[in-house]
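The values are calculated or read from the model by the stated rules, or taken from the named source; none is laboratory data. The structure presented is a predicted model; accordingly, all values stated were derived computationally and were not measured. Cβ sites come from the backbone with ideal geometry, for glycine too, and all protein chains shown count toward neighbours.
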Amino acid sequence: MAEIFELGISGIRSGIASGDFSAKEVAETFIARVSAAKSLNAVLVETPDHALAAAEATDKAKAAGETLGKMAGVPIGMKDLFCTEGVATTAGSLILEGFTPQYESTVSSNLFKAGAGMLGKLNMDQFAMGSSNETSAFGNVISPWRRNDGGNTDLAPGGSSGGSAAVVAGRIAPAATGTDTGGSIRQPAAFVGITGFKPTYGRCSRWGTIAFASSLDQAGPMAHDVRDCAIMLEAMSGFDPKDSTSLDLPVPEWEAGLKSDLAGKRIGIPKEYRVDNMPPEIEALWQQGIEWLKDAGAKIVEVSLPHTKYALPAYYIIAPAEASSNLARYDGVRYGMRDLPDGAGLQDMYAATRESGFGPEVKRRIMIGTYVLSAGYYDAYYTQAQKVRTLISQDFDKAWESCDLLLTPTAPSAAFGLGEKSDDPLAMYLNDVFTVPSSLAGLPAISVPAGLDGQGLPLGLQVIGKALDEQSVFNAGLALEERAGFVAKPEQWW
Amino acid sequence: MTESTYRIQGGTGEWEVVIGLEVHAQITTNAKLFSGASTEFGAEPNTQVSLVDAAMPGMLPVLNKECVRQAVRTGLAINAQINKYSRFDRKNYFYADLPQGYQISQLYHPIVGEGKIEISLDEKDPDAHGKTIGVERIHIEQDAGKLMHDQHPTMSYVDLNRCGVALMEIVSMPDMTSPKEAAAYVRKLRSVLRYVGSCDGNMEQGSMRADVNVSVRKPGDELGTRTETKNVNSLRYIQQVIEYEAQRQVDVIESGGDIVQETRLFDPDKNETRSMRSKEDAHDYRYFPDPDLLPLELEDDYIFDCKASLPELPDEKRARYKNVLGLSAYNAAVLTAEHETAIWFEELLETTDEPEKIASSAANWLTSELFGALNKMGLSIEKSPVSPQQAAELLGLIADGTISGKIAKQVFEIMLETGDGATKIVEEKGLKQESDTGAIEKVIADVMAANEDKVAQYRGGKDKLFGFFVGQTMKAMQGKANPQVVNELLKKTLGDAG
């Protein structure tokens, strides 16, 4: 039998159900894994008591013969973007240092109600702005993966959900929450060889999740495999009257609906995703993915998403615009950090607090966002970007006339070394080139680990589906997973 | 319609004033626009603040549907276009009373489009002195909190109770040309809002306040550059601001200066406006659609239901009072200006099956006797110690001749003091009017016997002495004789003998 720490959500579920181990043993196992992994810098706040309390509740419920929740006995990692009652929440920033919410985000609350416990709050790019975890105010997370060149270059776990990616890949937590604004679940999942799922915009409530770009932010699961993601997403999602953009729809039983037979499904291959300088290994993996899906019974069709090349520029206008406004509340007045120089007035306090409380990438995006919304530039930037966003959505609508799902690579490269791109924001932004269009259109998408590159690093394939058709996305992901047989794991060096 | 003749006399001739008002009206509802927090006035600082109002991380706005309903009803009440698609925008700026760092408002797509309000410049003859003021738009937005600068020697305190309270901003066209017109507009707007029930119109408590836009021009010229004086919270101040600003602008222009488009503040103590910030320092509010909120889309049925829920509005009511109930134009205007007065009046009329028979006398009594008494006591009509039903009883006693109008005043005073009914008072105090001809004739005979000389003079042609006999008779009967009967009998008796 596998060790407990090697198990994911469904493995823990069956182990507890069959009495192989108690939820408490599971919690203790992972609590120990968390404390032993400090060198990865993935966990900002450890919450062993929370995990233990949830485990004890599960054990008690089981002993009493009660029906267990979907996440019963599963201790998870919580991205630090989710406000957690009584547990410090910083979004990886200094400006929120010392902030302890008096409320629980809807997503974390849903997970806890389903029986999950929390191992800790996970490091992330500051305010979810970044693709490498290097913008965290508390130092970057180090990926558990290393290149197979015998060296010990520290690699980026991806971002912004880098802490989530690292703990799941390192088997430090069986699953973790992530959030995805332009690829922040999918890209790190691809970088570390795990499965990450971004649902349709509105499936998961944004209430209590610290906002980056409101019209794009979506929470989702990061876990070992497709089944675990389906289980966890069922627990996370659902209508929330406290979020006006939340979808008032029942949560489908995605796990029960899993099937990898894709007979009758048409998979579109968007030609515009063949970008310049794409590593041949990724190109080859994509081709391999096409073969796997054919093998699963799907029909492959070439489709065109003509406005794809405008997606990234539009995203880097819309997301910063919203962020510049969303982050205005961090002003030193009511909570978090306050920098009040001697004799300072209100404006001076704002300036000093925001100067020392925000990191360079956050400042960059606030400035971009402020600029594109300014009088005289609004129409040229923001209005144009919104038009592009509409065109991109229409591209997808058009594609759905000839296919049901799209297959693309998740990211244009494997994980890079920490520091390799941190001086070049534009190169960093290109990481999102395959994930941003579906974010702009609010579509569900999955990243499934599908192979290793020549350096022994994981590569992911992305499946994008129609709005609300998470089931087909899960199913195609499962078909890929079964055929890819991805079992590689990072060797424990930490 | 009459042209206003308000003019500023400058050294270079006459100047015309052009006024537009942006009225902020707090929507009557128990909860704030986007949070469930209470909106009660006068609560302890920071006791009515939700997580959303304090802009805690991750908090989201949820639209209070009652505010939408009230804005739509208000729009319908001024015959405005209701926009079936509207949207909320963020107005971004930093201030300590604005925790989110933005105000949620409606810039690009307001919920209510163009409408109009009829104002009257002369209560006594409203129809002859009416004017139509255009309303450009009504939109819904959040109020900000309040800074308190007098609580600490070096710090300012912030009270977030008002933060997030729902406001309607009602933007007029620049259609007003005198302080009086502006005051009439605000008065009428307040009346409509109170009829609709969408705002209590209480300017002292800040439920209604105006940004006053003023410019001057030579009659017939293009519009001049305007200034905007913020947050003026009384009818008197609004007029003072206009008077001061118009004169100031004329002085500036005539001494060779230019009017700067700017925001100004009114100082009621010094009766002057002061520059707050000029256009160059104006905030760039970076408006954009709030991504936390979906566009607001209204169905025809919803708008129809809002329309059906409106009460009879002041203009319709005034016309009905005049044309159906036969009231004078003045009484009709006075009784409909405030909804509460009209409600009181109509409750009184409800005591009879034939309201038009008593309407005029009741209206006269209300506008003179009741208003006079309430005024003296400093009470509003809702607090009147005499109920409409009690008033009807009193008026009934006058109508059927039980008491005279003069005695009625006495009875009314006792009613105000004791709260007793008119009939009870008349009986207990023996104030019932004597109409029995036998009794009156007996008294007249006594009076004539005691004043034979005067009788002779009267009969000799001194008609004016008639009043003397009336007075003596009434006095002998302690004022309780029916004056009409006394008159008739005296005429007969004095005439007979002659």
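Quick check on region A:135-148. Is at least one of its residues aromatic (Phe, Trp, Tyr) and crowded, with 24+ Cβ neighbours inside 10 Å?
yes
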**Study point:** Selected residue (criterion: nearest to the other protein chains (Cβ to nearest Cβ)) from residues of region A:177-224 that are under 19 Å from residue A:141 (Cβ atoms) and β-branched (Val, Ile, Thr)
**Key:** A:210
Study note, to complete from the structure: residue A:248 meets each of (1) in contact (Cβ under 8 Å) with a residue 12 or more places away in the chain; (2) of a type in the set (Asp, Glu); (3) surrounded by fewer than 22 Cβ atoms within 10 Å (Cβ to Cβ); (4) within 14 Å of chain B (Cβ to nearest Cβ) with one exception, condition (1)
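Tally up the residues in region B:333-351 that are in a helix (DSSP H, G or I) and polar (S, T, N, Q), please.
Here the count works out to 2.
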Check your understanding: Does residue A:438 count as crowded, with 21+ Cβ neighbours inside 10 Å and in a helix (DSSP H, G or I)?
Key -> yes
Point to revise | Every pair of residues 6+ apart whose Cβ atoms lie under 9 Å, when the first sits in region A:413-437 and is over 19 Å from residue A:141 (Cβ atoms) and modelled with pLDDT under 85 while the second is of a type outside the set (Asp, Glu) and part of a loop (DSSP other than H, G, I, E, B) | key: A:427/A:421
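Give, as residue ranges, the strands (runs of 3 or more DSSP E) completely inside region B:92-193 that count at least 1 residues that are within 24 Å of residue B:62 (Cβ to Cβ) and of a type in the set (D, E, K, R). Walk me through it before giving the result.
Numbers: elements: B:102-105, B:115-120, B:130-142, B:146-148, B:157-159, B:166-172.
Counting at least 1 such residues, we get B:130-142, B:146-148, B:157-159, B:166-172.
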Exercise for review: Output the number of the condition that residue A:395 fails; it satisfies all remaining conditions of (1) within 11 Å of chain B (Cβ to nearest Cβ); (2) part of a helix (DSSP H, G or I); (3) out of contact with any strand residue (DSSP E or B) (no Cβ under 7 Å at 6 or more places or on another chain); (4) at pLDDT 95 or above.
Suggested key: (1)
Practice item. Please work out if residue A:389 is within 14 Å of another protein chain (Cβ to nearest Cβ) and in a helix (DSSP H, G or I). Key: yes
Exercise for review: Keeping to region A:325-348, report how many residues are at the interface with chain B (Cβ under 9 Å from one of its Cβ atoms) and either in contact (Cβ under 8 Å) with a residue 24 or more places away in the chain or part of a helix (DSSP H, G or I) (or both).
Suggested key: 10
Check your understanding: Hey, among the residues in region B:421-446 that are surrounded by fewer than 15 Cβ atoms within 10 Å (Cβ to Cβ) and farther than 22 Å from residue B:470 by Cα, which one's modelled with the highest pLDDT?
Key -> B:424
Check your understanding: Here are some residues: A:55, A:64. Which one is at negative phi, at pLDDT 95 or above, surrounded by fewer than 24 Cβ atoms within 10 Å (Cβ to Cβ) and among the small types (Gly, Ala, Ser)?
Key -> A:64
Point to revise | Qualifying helices (runs of 4 or more DSSP H) (wholly inside region B:362-459; at least 3 residues being closer than 30 Å to residue B:489 by Cβ) | key: B:388-399, B:405-418, B:422-428, B:437-450, B:452-459
**Study point:** Considering residues of region A:349-377 that are assigned to a loop (DSSP other than H, G, I, E, B) and either modelled with pLDDT under 95 or under 27 Å from the mean Cα position of the chain (by Cα) (or both) only, the residue farthest from the other protein chains (Cβ to nearest Cβ)
**Key:** A:359
**Study point:** Options B:160, B:76; residue that is touching a residue at least 60 places away in the same chain (Cβ under 8 Å), surrounded by 23 or more Cβ atoms within 10 Å (Cβ to Cβ) and out of contact with any Phe, Trp or Tyr (no Cβ under 8 Å at 6 or more places or on another chain)
**Key:** B:160
Study note, to complete from the structure: Taking region A:12-28 and keeping only residues that are buried (at least 20 other Cβ atoms within 10 Å of the Cβ) and either farther than 17 Å from residue A:194 by Cβ or not hydrophobic (A, V, I, L, M, F, W, C) (or both), one is left with A:13, A:15, A:16, A:23, A:26, A:27
Study note, to complete from the structure: Taking region A:278-293 and keeping only residues that are more than 12 Å from residue A:408 (Cα to Cα) and free of Cβ contacts under 8 Å to residues at least 24 places away in the same chain, one is left with A:280, A:291
**Study point:** Selected residue (criterion: surrounded by the fewest Cβ atoms within 10 Å (Cβ to Cβ)) from residues of region A:172-210 that are farther than 22 Å from residue A:457 by Cα and of a type in the set (Gly, Ala, Ser)
**Key:** A:202
Study note, to complete from the structure: Flagged in region B:85-123 as away from chain A (no Cβ under 12 Å) and touching a helix residue (DSSP H, G or I) at 6+ places or on another chain (Cβ under 7 Å), in numbering order, are B:111, B:112, B:115, B:117, B:118, B:119, B:120, B:121, B:123
Exercise for review: Would you mention how many residues in region A:90-130 are buried (at least 24 other Cβ atoms within 10 Å of the Cβ) and among the hydroxyl-bearing types (Ser, Thr, Tyr)?
Suggested key: 5
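Determine if region B:330-337 includes at least one residue that is in contact (Cβ under 8 Å) with a residue 12 or more places away in the chain and either farther than 21 Å from residue B:192 by Cβ or surrounded by fewer than 15 Cβ atoms within 10 Å (Cβ to Cβ) (or both).
Taking every residue of region B:330-337 in turn, none turns out to be in contact (Cβ under 8 Å) with a residue 12 or more places away in the chain and either farther than 21 Å from residue B:192 by Cβ or surrounded by fewer than 15 Cβ atoms within 10 Å (Cβ to Cβ) (or both).
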